[in-house]
Amino acid sequence: MNIDILSVFPEMFVGPFDHSIVRRAQENDLANVSVHNLRTFSHCRRGIVDDYQFGGGPGMVMKPDPIFEGVETILMDLSQIEMAKTRVILTSPQGNMLTQELVAEFAQQLHLIIICGHYEGVDERVRENLITDDISIGDYVLTGGEIAAMVITDSVVRLLPGAIGSQENLLGDSISSGLLQHPIYTRPAQFRDMKVPSVLASGHHENIKVWRRRKALERTLERRRDLLDIQNLSSEDKDYLESLGYNLSR
Ligand code: ADE
């Protein structure tokens, strides 16, 4: 997969992609991440990429022309096949919320182009005529879209086949399974006065499986009730949730 990122602060990307899984994915040619300075697509003096808002209002707006030119320059080199599997993503607090489902959809593409939003926002013509996806990473406002672009890149790259050692790890992922992850522990079995739950050291695989499933259900119920999809739960899951006082008919 090719990922092109358009940013007014390309230097922010030095570091985050040079470690761990994303670095290995690049070394193994699973992902090729390129960061472009948006200012190089500006024909204004000193590479200006923002301007005042029509109609008045606070803050500066990202101009459409450098963004269109940047994206079109990248698209120009793509084959028809690659073009059909390309998403052009804008990062903004007004976007659709990034979910694991959306991340998995992005991971199916051949090419992602990510435009890092800034200032008061971008000229609406970019939204209307250039992008395929307007993405927010949460209900809070960042100083710019660079960190959001890093989040998208990181979450997508780890899903590329071969990026993570074992596909098992992906299957057991928190969220991918529809539930939050159960608690996990490592050695020592006792740290200060804190002990690992005895079932985990029992060697009884069936009991461990049941314990983990129940803990995942409990945690999801407590923290992210919105994730609970009753259709996908077994009758044992439902019985357990009911024993915790959860009303399944709600
Ligand atoms: N830019 C500023 N805030 C953002 C957010 N929450 N998600 C994506 N891009 C942003």
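The values are calculated or read from the model by the stated rules, or taken from the named source; none is laboratory data. This structure is a prediction, so every number in the text was calculated from the model and none was measured. FYI the Cβ positions are ideal-geometry reconstructions off the backbone, even for glycines, and counts take in every protein chain you see. All accessible areas refer to the heavy atoms of the entire protein, side chains included, with ligands and DNA or RNA removed. Shrake-Rupley method; radii C 1.70, N 1.55, O 1.52, S 1.80 Å.
When every Cα-Cα distance of the chain is counted in 5 angstrom steps from zero, the calculated P(r) takes the values 1, 5, 11, 13, 14, 13, 11, 10, 8, 6, 4, 3, 1, 0, 0 percent.
In the context of the full set of protein chains, residues of the chain present 60 Å² of accessible surface per residue (probe radius 1.4 Å, heavy atoms only). Result for the chain in a Gaussian network model with C-alpha springs under 10 Å: among Val199, Val156, Val103, the largest mean-square fluctuation is at Val199. The mean sequence separation of alpha-carbon pairs under 8 Å and at least six residues apart, normalised by the residue count of the chain, gives a relative contact order of 18 percent. For the pair segment 139-166 / segment 1-79, the C-alpha centres are spaced 15 Å from each other. Within the listed set Thr153, Thr40, Thr91, the residue fluctuating most in the Gaussian network model of the chain (springs between alpha-carbon atoms under 10 angstrom) is Thr40. The apolar share of the surface of segment 172-243, taken as the fraction of accessible area on carbon and sulfur atoms (1.4 Å probe, ligands and nucleic acids excluded), comes to 47 percent. For segment 2-157, which whole-number percentage of the solvent-accessible area (1.4 Å probe, protein heavy atoms only) is attributable to carbon and sulfur atoms? Whole-percent figure for carbon plus sulfur exposure: 52.
Under a straight-distance cross-link criterion of Cα-Cα below 29 Å, which lysines are reachable from Lys63, leaving out those fewer than 8 residues away in the same chain? Result set, ordered by chain and number: Lys85. Taking chymotrypsin sites (Phe, Trp or Tyr not before Pro) across segment 37-70, the ones in a DSSP loop with at most 16 further Cβ atoms lying within 10 angstrom of their Cβ are Tyr52, Phe54.
For segment 36-114, trypsin sites (Lys or Arg not before Pro) meeting the loop criterion (DSSP other than H, G, I, E, B) and having at most 15 other Cβ atoms within 10 Å: Lys85.
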